[in-house]
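Before any comments, here is the structure.
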Amino acid sequence: MTDVVALKKRIDDSGMTVTYVAEKAGMLRETLYNRMKTGDFKVSEICRLVDVLSLSKKERDEIFFAKKSE
């Protein structure tokens, strides 16, 4: 399950807006917001977000493959 809190923090820490991240990841802003609400991301979306946010493998796993969301 996606740790949405960690994802939002990573976006904030990057200095980018959610809109900008969505655009760079090839998603509509609304799609990214909806995915963050449900925590359900497609593998292709995760790959693109990892690139846009420059996530390490550890960060990727902690955010998108968290065992428990806070």
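The values are calculated or read from the model by the stated rules, or taken from the named source; none is laboratory data. Please read all numbers here as calculations on a predicted model, not as lab measurements. Methodologically, a virtual Cβ is constructed for each residue, glycine included, from the backbone with ideal geometry; neighbour enumeration extends over all protein chains shown. Each accessible area value is taken on the protein alone, full model and side chains, heavy atoms only, with ligands, DNA and RNA left out. Shrake-Rupley method; radii C 1.70, N 1.55, O 1.52, S 1.80 Å.
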Query raised in the report: Of Val50, Thr19, Ala66, which is farthest on the positive side of the dipole of the chain, counting Cα position, with +1 on Lys and Arg Cβ, -1 on Asp and Glu Cβ, and the Cα centre as origin?
Result: Ala66
Query raised in the report: Carbon-plus-sulfur fraction of the accessible area of the chain, 1.4 Å probe, in percent?
Result: 52 percent
Requested in this report: Just check region 8-70 against the gyration tensor rule for me: Cα atoms, a ≥ b ≥ c as the square roots of the eigenvalues, rounded for a/c under 1.5, and otherwise prolate or oblate depending on whether a/b exceeds b/c.
Outcome: rounded
Requested in this report: Order the peptides 19-26, 35-42 from the highest to the lowest mean number of other Cβ atoms within 10 Å of their residues.
Outcome: 19-26, 35-42
**Report entry** Estimated dipole of the chain in Debye, rounded to 20 [Cβ of Lys and Arg +1, of Asp and Glu -1, Cα centre]
**Finding:** 100 debye
